[in-house]
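Working notes, beginning with the structure itself.
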Amino acid sequence: VHGAPNAMSLNLLMPVNTHRILKTSEFDSAHTPVHYKPLFPFKLVSVSWSESPIFEIPVPEEEQGKEEKTEETETKSEEDGEEAEGADEAAPAILHADLQNKFIDEVVVFRNCFDTAVSVNVDGKQIYFTATGNEAEDFEEVEADEYEKFMNKIAKTFTIDISETDLKSECLVAEDDKVYDLSWYSIHAAPCYLADKVLFKGNPLWEATDKKEHFAGCSVINDGDDRLIALSIRNGPENRQIYFYGVDGALREIDNDEMVTHYEAFKEKEQAERERYEAEEKARLEAEKDAEKEEEENKEGAEEDEEEEKEVAKRRKF
């Protein structure tokens, strides 16, 4: 929170000043919206995204001059000034002139990474915003029904099915490859992506037991119907790996030793397939070379026969 006590701005990407704003979340879970309420006597007039307002109530000029000095304003540095200049250059906030002389009672935020839904309550009136990007200009004001649909969309992103690589989220990146009969792919999740339930073809694979645990990524090796899966789980700054092996619908968790055994078997099969392919390719190239040589010899023989026939015809003429 920054700004004068009677005209504060709530930055959704920064920790709040607990003596100015009350922040609450039911069950302290990413699955539930976060509520922000200004504490008396502080007044909230705008909501920002990295210092760039996305919603703002116009403050009368006479009120703008009533800024009280606080620790923040007294210790304001040149760097803060540069940030303010950057905010001035950003996209303008969505203004509601009809709400002038009123203040924000509550802000509710529900998000998963870049998908963010924001509800602003001003004197009993709800204003809704949604965004699928990570910039202030990505926010747009929407109607209540569209806001509800977007909330439901966000709720679904806390579960990920890792059998699908056709990802429709900027928070996820997929890489895939295939060598001979073996194929594999990896999915990488952005740190802000908070999926805590993982499926494979609709079947449950893993679910968090700690509210701090989230899906970080995975690697999947396919050999026909067999799957070897390495699941990466993030817990704060730490990551751990969980391994699974089996066929669709019957994947079971395995330990590191069994994972290594299956992985080495995949590598041996890959090497055997590589050697078979290289042998077939070598035989094909040699066959093509022999065919070209035979064709060249036949061509030379035909040319010699043609010359000989011409010579015989010439002798007969004389």
Original post:
What about GLU146, is it charged (D, E, K, R) and at pLDDT below 85?
Top reply: no
**OP:** Run down GLU288, GLU303, GLU273, GLU280 and say which single residue is in the same structural domain as LYS178 (by TED's automatic domain parsing), in a helix (DSSP H, G or I) and either more than 30 Å from SER183 (Cβ to Cβ) or in contact with a Ser or Thr (Cβ under 7 Å, 6 or more places away or on another chain) (or both).
**Re:** GLU303
Original post:
Looking at (1) in contact with a Gly (Cβ under 9 Å, 6 or more places away or on another chain); (2) part of a strand (DSSP E or B); (3) surrounded by fewer than 17 Cβ atoms within 10 Å (Cβ to Cβ); (4) not aromatic (Phe, Trp, Tyr), which is the one condition that is false for SER232?
Top reply: (3)
Original post:
Got at least one residue in the range 164-173 being surrounded by 15 or more Cβ atoms within 10 Å (Cβ to Cβ), modelled with pLDDT of 95 or more and out of contact with any Leu (no Cβ under 7 Å at 6 or more places or on another chain)?
Top reply: no
Original post:
Pick from the range 1-54 the residues that are among the acidic types (Asp, Glu) and not in a loop (DSSP other than H, G, I, E, B): which of them is modelled with the lowest pLDDT?
Top reply: ASP28
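Mind telling me which of the residues PRO237, PRO204 ends up being exposed (fewer than 13 other Cβ atoms within 10 Å of the Cβ) and within 22 Å of THR159 (Cβ to Cβ)?
Result of the check over PRO237, PRO204: PRO204.
The values are calculated or read from the model by the stated rules, or taken from the named source; none is laboratory data. Given the structure is predicted, the values throughout are model-derived calculations rather than measurements. Virtual Cβ from ideal backbone geometry, glycine too; neighbours counted across all protein chains shown.
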